[in-house]
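For reference, the structure discussed in these notes is given below.
Every read-out reported here was derived from the displayed coordinates using simple, explicitly stated rules and does not represent laboratory data. Remember, predicted model here, so these are calculated numbers, not experimental data. Methodologically, a virtual Cβ is constructed for each residue, glycine included, from the backbone with ideal geometry; neighbour enumeration extends over all protein chains shown.
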Amino acid sequence: MDCWEVTGTWVNIKSAVVSPTKKKVVKQDSSRPRKKARKEASEEASEEAAAVAKDINTMFKDIVDAMREGFGTCLKDIKYLSKRMEVVEKKESVNGTIAGRKSLPEDKGPNVPADASSSKDKAPEPSLEDARYLEKRDAALALCRAKSDRTRKLAASQQSPSAANNTAKVIIPNKKLYPGYNLFALIDKKELKELADWLKTCPHYRTPLDKKPRTSRTWWYQILRTSLEWLKDYHIDAWINVLRKSYDANPQHFRSERMCFIDHLFAQQWRFNNKDFKDSEPDQNGLGRRLPDGAWNYYTGTIPSFFQSNKVWGTDIDNVYASVNYNDTHWIAMWISIPKRHIVVWDIICSSISPEELDVVMEHFLYMVPYLLVECASSDEQRAQYSLEPFTYERPTNIPPARAGDCGVYSLKYIECHALGIKFSKKDFTKPNGKTMRDKMAVDIFQEHPDAHEFENKDNDAGRLT
């Protein structure tokens, strides 16, 4: 069939877009993962090296600090001892010259025999009481010197079987073991009930307090547990015995292994005998004074006779804790630091004793403690470490206060807190807590010393104190 020729017609032809075929590229093993692994390994190695270096630096720093502290202490001791030796040498030279001149016959005049002495130099015959005193003193000093022939050593907590390889760790322990218990913990209700049931068996349980016999256990514990009641000497001593027993069983729980706790007889004897000490004439070396009865026994740790520590002041003991009875109206606590030659007085009511009155109270301790250390020293070398110069003392005013009748309880708790290395917290020593402290002390005394109410301390007898 014949067709007309198509002319003048526009034909829309869509051009096909052909995408080029993608070339398959075969990827070779990339080096990036290996570089990343090497980088991570390098970082780990550097971190480990840094940690090791830090540990090494810390270890060397501890060793250097320990050596620096040790050398510093040695230098101080050497400087102090050199000064003391100079003083001793001067005294010996002067005394030797005087003694030498006294022994020369020509110095006594032509008409005086060589064996004669002036009335001033002739010592009076000692009385029977003085002879007995000197005999007991010499016996106590002989015992003291026999036990004091040892050098100052590290405490048990500083010793270790591997001390040669761990010097820094032994001298400067990283862990403090004290305190071993919470003295402000809640009272064990079971133990409190045991105490209450035991007191109910007393025949004077329902007798009024003012009519109870003083030997009654209900009277003894009622005084202790009643708020604002004045604690007697035997209440103070009973708690001191609890501290002694706790310290003897677990010394690592306390701030030091070189401490002792003293009963009320210590302060009482020294206060009563202060005049005899002051009136007695010293010899040319400043010694020879009359010390209070029992002074050597306290010094050597042979009293209390029922709980002897046999530790010598200065050699084994650095810290002495004691309660002081002021005129039977107020109790204060006292901490004697032998190395620091300083006494701290904790007084819950500073207005109870004026500064002038406190000076009088502290005078015998400030003078007699350093004298005791020099007089009872076992050798001239040990005596040169001490001085007859009086100690210093302070009475801090920032300690938690209490009501007047609770002074005895608080003074004992101040001693316990400081011995355990615990700070005086106002929260723990609030005035309403006085009753709780009393109850807890009663429970602890009952558990440790059930016969405390009838215990009689015979160390005050003339035959026991020397």
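Computed quantities for the displayed model
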{"quantity": "Residue order, fewest to most surrounding Cβ atoms within 10 angstrom, among ASP359, ASP439", "calculated": "ASP359, ASP439"}
{"quantity": "Cβ-based exposure ranking for LYS340, LYS435, in which fewest neighbours within 10 Å come first", "calculated": "LYS340, LYS435"}
{"quantity": "Taking only Cα atoms of the range 198-283, radius of gyration then Dmax in Å", "calculated": "18.7, 61"}
{"quantity": "Viscosity 1.306 mPa s, 10 °C: Kirkwood-radius Stokes-Einstein D of the range 170-460 over Cα pairs, µm²/s", "calculated": "78"}
{"quantity": "Whole-Å distance, taken between Cα centres, linking the range 314-334 and the range 379-440", "calculated": "9"}
{"quantity": "Residue pairs, from the table LYS212/LYS232; LYS189/LYS211; LYS245/LYS278; LYS245/LYS311, whose Cα atoms sit over 26 Å apart", "calculated": "LYS189/LYS211; LYS245/LYS278"}
{"quantity": "For LEU243, net neighbour charge (Lys/Arg +1, Asp/Glu -1) across residues whose Cβ lies under 12 Å away", "calculated": "-3"}
{"quantity": "For the range 176-330: Kirkwood Rh in Å [reciprocal of mean 1/r, alpha carbons]", "calculated": "18.7"}
{"quantity": "Sequence of ASP318, ASP263, ASP293, ASP188 once ranked by neighbouring C-beta atoms within 10 Å, starting from the fewest", "calculated": "ASP188, ASP318, ASP293, ASP263"}
{"quantity": "Lys pairs under 29 Å by Cα in the range 327-449, provided they are eight or more residues apart or on distinct chains", "calculated": "17"}
